[in-house]
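Everything on this sheet refers to the single structure shown next.
The values are calculated or read from the model by the stated rules, or taken from the named source; none is laboratory data. Because the structure is predicted, anything quoted here is derived from the model rather than measured. Virtual Cβ from ideal backbone geometry, glycine too; neighbours counted across all protein chains shown. Quick note on the areas: whole protein, heavy atoms, side chains included, nothing else; ligands and nucleic acids left out. Shrake-Rupley method; radii C 1.70, N 1.55, O 1.52, S 1.80 Å.
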Amino acid sequence: MESQLIKNYEYHVWANTRVFQHLSKLPQGVLLQEISNVFPTIYEGLVHIFRVDTVWLAAMNNFTYEQTKTLLGEINEKTTGKNLEQLEAEYLNLAEQYRNFLSSDADMKIVKEYPHPMHGVLRASTEELVQHVVNHGTYHRGNLTSMLRQLGHAGEPSDYVLYLYEING
């Protein structure tokens with residue numbers, strides 16, 4: 001039986017995929033159109049979600065803060081100047097990395113320490129961090145919907161209950 005942890009993560013992937021599919025139907029310029037909102041462009045919002053997802057997977061894989069800073073530079077290289085399809089491919093690659101990690105034999109309930117030079121030490125389990133990744137994505141997909149509406153386009157519904165309808169229907 002699939003764990004709730006994996007189901008929650010799969011919801012995150014499903015919701016991101018819906019957003020990418022929706023954005024692919026809109027005029028290309030919408031992604032880079034500057035707007036006064038949470039992010040300067042929709043593209044930057046997508047990159048932000050990807051960046052945070054990547055950083056937390058690195059943390060769960062015991063990367064140090066310094067290794068993570070290096071990784072952030074690599075993320076910038078992976079995302080700068082990419083089109084929507086290329087960015088979605090990076091998301092899907094990252095989703096596979098998460099799936100491999102989450103299907104490992106590691107105990108996802110063990111609390112570990114995650115030191116940060118500005119925020120102190122976070123004590124959290126992998127389950128809690130994955131929940132954060134999912135919540136963070138949900139929050140910012142809402143921002144993207146608001147931005148799309150501000151630009152005169154509809155957003156894409158990605159509520160968890162819609163995911164449940166789809167997988168259980």
Count of residues meeting criterion [open to solvent by 10 Å² or more (accessible area, probe 1.4 Å) and either outside any helix (DSSP H, G or I) or under 18 Å from residue 23 (Cβ atoms) (or both)] in the range 50-60: 1
Test: residue 74 is among the acidic types (Asp, Glu) and within 27 Å of residue 168 (Cα to Cα): no
Flag for residue 106 being open to solvent by less than 80 Å² (accessible area, probe 1.4 Å) and more than 16 Å from the chain's Cα centre (by Cα): yes
Output for the range 84-99, where each listed residue is of a type in the set (A, V, I, L, M) and open to solvent by 70 Å² or more (accessible area, probe 1.4 Å): 92
Matching option when the condition is open to solvent by less than 30 Å² (accessible area, probe 1.4 Å), farther than 15 Å from residue 147 by Cα, at pLDDT below 95 and of a type in the set (Ser, Thr, Tyr), among 68, 64: 68
Which listed residue is closer than 21 Å to residue 9 by Cβ and either among the hydroxyl-bearing types (Ser, Thr, Tyr) or touching a His at 6+ places or on another chain (Cβ under 9 Å) (or both), from 124, 89, 58: 124
Complete set of residues in the range 29-49 that are in contact (Cβ under 8 Å) with a residue 24 or more places away in the chain and open to solvent by 40 Å² or more (accessible area, probe 1.4 Å): 33, 37, 38, 48
Search result, residues across the range 71-93 that are modelled with pLDDT under 95 and outside any loop (DSSP other than H, G, I, E, B): 71, 72, 73, 74, 75, 76, 77, 78, 79
Residue check for residue 129: of a type outside the set (Lys, Arg), out of contact with any Leu (no Cβ under 8 Å at 6 or more places or on another chain), crowded, with 17+ Cβ neighbours inside 10 Å and under 20 Å from residue 5 (Cα atoms): yes
Positions within the range 15-25 being more than 11 Å from the chain's Cα centre (by Cα) and either closer than 20 Å to residue 132 by Cβ or crowded, with 17+ Cβ neighbours inside 10 Å (or both), in sequence order: 18, 19, 20, 22, 23
Residues (among the polar types (S, T, N, Q) and out of contact with any Lys or Arg (no Cβ under 9 Å at 6 or more places or on another chain)) located in the range 105-164: 131, 135, 138, 143, 145, 146, 150
